[in-house]
Amino acid sequence: MDNKVLAIVNGNEITQKDIERSLLRFPQETQEYYKTEEGKKQFLDQIINFELIYNYALDSDMKNEPEYIEQVALVEKDILIQIGVKNIMADVDITEEEIKKYYESNSEMFKSEESASAKHILVDTLEQMEEIKSEISNGMSFEEAAQKHSKCPSAAQGGNLGSFTRGRMVPEFEKAAFELEVGEISEPVKTQFGYHLIKLDEKSSQDVKSLEESRQLIVKNILNQKQNEKYISSVTELKSKYAVELK
């Protein structure tokens with residue numbers, strides 16, 4: 001059964017759905033524990049204990065105590081505020097024209113940067129680099145040469161620098177890397193750090209997402225903006241209806 005009765009306390013049923021609903025009040029990690037066999041037993045015991053205390057509170061006429069009445073009023077107020085805000089936000093329409101205009105006016109938002117993934121070998125002199133180039137020409141892999149000779153910490157990973165976009169590397173290195181074809185090894189490149197030999201692993205050109213690819217994000221952003229505007233205008237209107245005095 002989808003809604004199996006797990007216990008009955010003073011004539012009131014505790015069902016599987018009651019347990020699942022109560023679980024939602026807890027952090028995700030706690031929820032995961034209570035989904036284990038041991039956790040389920042502990043959680044059911046806890047719910048039974050709460051039900052027992054609830055019956056005790058009813059029988060003790062605690063509903064008429066000032067503390068209860070005050071707490072109920074606070075909760076009721078919070079719920080009404082939440083529903084009020086929800087109603088204010090509800091009537092917000094987004095037109096196709098607004099979506100197109102947002103896409104055209106925020107074109108930079110939908111561009112992905114040109115990127116490259118490369119390995120390099122870094123040494124101090126051109127003479128060292130020429131010797132390394134010779135070793136690679138004679139069969140040593142670029143990665144092995146990087147581990148053997150490179151003074152960059154990336155040597156431990158065969159010279160791997162990972163992925164980077166334009167503007168992340170020094171200009172001389174960037175220019176050489178982005179001019180290479182995938183799998184190609186550069187000529188020695190001099191920078192402030194020394195001499196580099198660069199091997200390009202991957203390269204992606206700048207891309208622009210289409211309107212349809214961007215639609216979900218655009219709708220979300222416009223909705224947030226219009227809801228914020230509606231909230232502010234509604235609160236401003238309410239201030240003229242209900243007196244506000246700052247003390």
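The values are calculated or read from the model by the stated rules, or taken from the named source; none is laboratory data. Bear in mind the structure is a predicted one, so any value in this text is a computation, not a measurement. When we count neighbours, we look across all protein chains shown, and the Cβ atoms used for this are built from the backbone with ideal geometry, even at glycine.
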Quiz item: Since Ile94 meets every condition but one in (1) modelled with pLDDT under 95; (2) in a helix (DSSP H, G or I); (3) within 30 Å of Asn224 (Cα to Cα); (4) not charged (D, E, K, R), which condition does it not meet?
Solution: (2)
Quiz prompt | Failed condition for Ser107, given (1) closer than 27 Å to Thr15 by Cα; (2) modelled with pLDDT under 95; (3) among the hydroxyl-bearing types (Ser, Thr, Tyr) | solution = (1)
Exercise. Return only the number of the condition from (1) closer than 30 Å to Leu6 by Cβ; (2) surrounded by 14 or more Cβ atoms within 10 Å (Cβ to Cβ) that His120 does not satisfy.
Key: (1)
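Among Leu223, Leu161, Leu211, Leu197, which is the only one that is touching a residue at least 12 places away in the same chain (Cβ under 8 Å) and touching a Cys at 6+ places or on another chain (Cβ under 9 Å)? Explain how you work it out, then say what you get.
Numbers: Leu223 fails: touching a Cys at 6+ places or on another chain (Cβ under 9 Å); Leu211 fails: touching a Cys at 6+ places or on another chain (Cβ under 9 Å); Leu197 fails: touching a Cys at 6+ places or on another chain (Cβ under 9 Å).
After ruling out the rest, the residue left standing is Leu161.
Within segment 15-64, restricting attention to residues that are aliphatic (A, V, I, L, M) and either touching a residue at least 40 places away in the same chain (Cβ under 8 Å) or under 17 Å from Asn3 (Cα atoms) (or both), which residue is surrounded by the fewest Cβ atoms within 10 Å (Cβ to Cβ)?
Per the stated criteria, the residue is Leu24.
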